[in-house]
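To keep things clear, I will list the structure first and then write my remarks on it.
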Amino acid sequence: MRLLVVEDQPKMADLIRRGCVSEGMAVDLAGAGEDALWMAGSTEYDAIVLDVTLPGINGFETCARLREDGVWAPVLMLTARDAVADRVAGLDGGADDYLTKPFSFSELFARIRALVRRGPKERPTILAAGNLRMDPARRRVWRGGSEVTLSSKEFALLETFMRRPGEVVTRLQLLESAWDCSYENRSNVINVYINYLRQKIDAPFGTDTIETVRGVGYRLTEAG
């Protein structure tokens, strides 16, 4: 198992390195977010342990830029900042787990092993289909450079489509993504909201991206 540990405090970095090496892991150290970007871009790591408080770009921005660069190695944010807002920022920025200092090495190792078992998997923080983009964390949608305002139900339906671009999504799957178990399964609510979506994300821009698949459901074309 090969790790990248991004920590600007030499004593802490060496402590983590020695602990991980004792567990049979190979460890590379980076002292800044900028170093982490080029190192992770040139080496395939099984996991990345990333401190938040770094010189230059901080850990939140480093994580976001790693994901933008197509680096999908699991990221564990390791920091003394334990405020809920910080944890949310890290996870929404693309991190997979969050551990605060001081920490137990046994817990650190267990979390790293759990992340490595999942393996690298593309988990973009910004969903895109052509020039249609969505930020699920901030609940914002854009068509090209224009922001599109959606209701909560419209947003939930579009998110379901954008997580499965090019796939046929059934009416039941759409219903389950935005309504609770009290909905009326025979209702035409999906037809109504699909029309709402088309009027907001397609009609004003001269596009036609939500296709009807007769007898099955709908599909968001990957061209977007």
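Read-outs: derived from the displayed coordinates by stated rules, not from any lab. Please read all numbers here as calculations on a predicted model, not as lab measurements. Reconstructed Cβ throughout: ideal geometry from the backbone, glycine too, with neighbour counts over all protein chains shown.
Please get the size of the charge dipole for the chain, origin at its Cα centre, with Cβ charges of +1 on Lys and Arg and -1 on Asp and Glu, quoted in debye to the nearest 20. Don't skip to the end; give the middle numbers.
Details: 29 positive and 32 negative charges, 126 e Å.
For the chain, the charge dipole is close to 600 debye.
With N set to the number of residues, divide the alpha-carbon radius of gyration of segment 2-118 by 2.2 N^0.38 Å and report two decimals.
Numbers: Rg = 12.5 Å, N = 117, 2.2 N^0.38 = 13.4 Å.
Ratio of Cα Rg to 2.2 N^0.38 Å: 0.93.
For segment 1-77, what does the relative contact order come out to in percent, with C-alpha contacts under 8 Å and a separation of six or more? Provide the component values of the computation, followed by the final result.
Details: 129 pairs, mean separation 26.4, N = 77.
After rounding, I find 34 percent.
In debye, nearest 20, what is the charge dipole magnitude of segment 127-220 about its Cα centre with +1 on Lys and Arg Cβ and -1 on Asp and Glu Cβ, if you could check? Each step should come with its number before you reach the end.
Values: 14 positive and 11 negative charges, 21 e Å.
That gives segment 127-220 a dipole magnitude of about 100 debye.
Please give the peptides 7-16, 31-40, 128-137 ranked by average Cβ packing (other Cβ atoms within 10 Å per residue), highest first, as a rough proxy for protection.
Values: 7-16: 15.5, 31-40: 19.1, 128-137: 17.3.
Packing proxy ranking, top to bottom: 31-40, 128-137, 7-16.
At most 13 other Cβ atoms within 10 Å and a DSSP loop assignment: could you name the trypsin sites (Lys or Arg not before Pro) in segment 60-103 that fit? Let's see the in-between values first.
Values: sites: Arg65, Arg67, Arg81, Arg87; in loops: Arg81.
When the trypsin sites (Lys or Arg not before Pro) of segment 60-103 are filtered for loop state and at most 13 Cβ neighbours within 10 Å, nothing remains.
Relative contact order for the chain using alpha-carbon pairs under 8 Å, separation at least 6, rounded to a whole percent? Walk me through the numbers on the way to the answer.
Working: 347 pairs, mean separation 29.7, N = 224.
Normalised by residue count, the contact order of the chain is 13 percent.
What residues of segment 159-174 lie in the reach of a label at Arg214, counting those whose backbone N is under 15 Å from a point 7 Å from the Cα along Cα→Cβ?
none
Could you work out the helix-only [θ] at 222 nm for the chain, with each DSSP H run of four or more residues adding -39,500 (n - 2.57) and the total divided by the number of residues, to the nearest 500 deg cm²/dmol? Intermediate values should be presented prior to the final figure.
Values: 8 runs with 84 residues, N = 224.
The helix contribution divided over the chain gives -11000 deg cm²/dmol.
Looking at the chain, how many pairs of lysines come closer than 30 Å at the Cα, when each pair is eight or more places apart or spans two chains?
On the way: Lys11/Lys101; Lys101/Lys121; Lys121/Lys153; Lys153/Lys200.
Count of close lysine pairs: 4.
Where the only charges are on Cβ atoms (+1 Lys, Arg; -1 Asp, Glu), what is the dipole of segment 2-118 about its Cα centre, to the nearest 20 debye?
On the way: 13 positive and 19 negative charges, 79 e Å.
For this selection, approximately 380 debye.
Evaluated at 37 °C with a viscosity of 0.692 mPa s, what Stokes-Einstein diffusion coefficient in µm²/s does segment 127-220 have when Rh comes from the Kirkwood expression over alpha-carbon pairs?
Numbers: Rh = 13.5 Å.
Roughly 244 µm²/s, to the nearest whole number.
Counting alpha carbon pairs within less than 8 Å and at least 6 residues apart, what relative contact order, in whole percent, applies to segment 92-182?
Numbers: 62 pairs, mean separation 15.4, N = 91.
After rounding, I find 17 percent.
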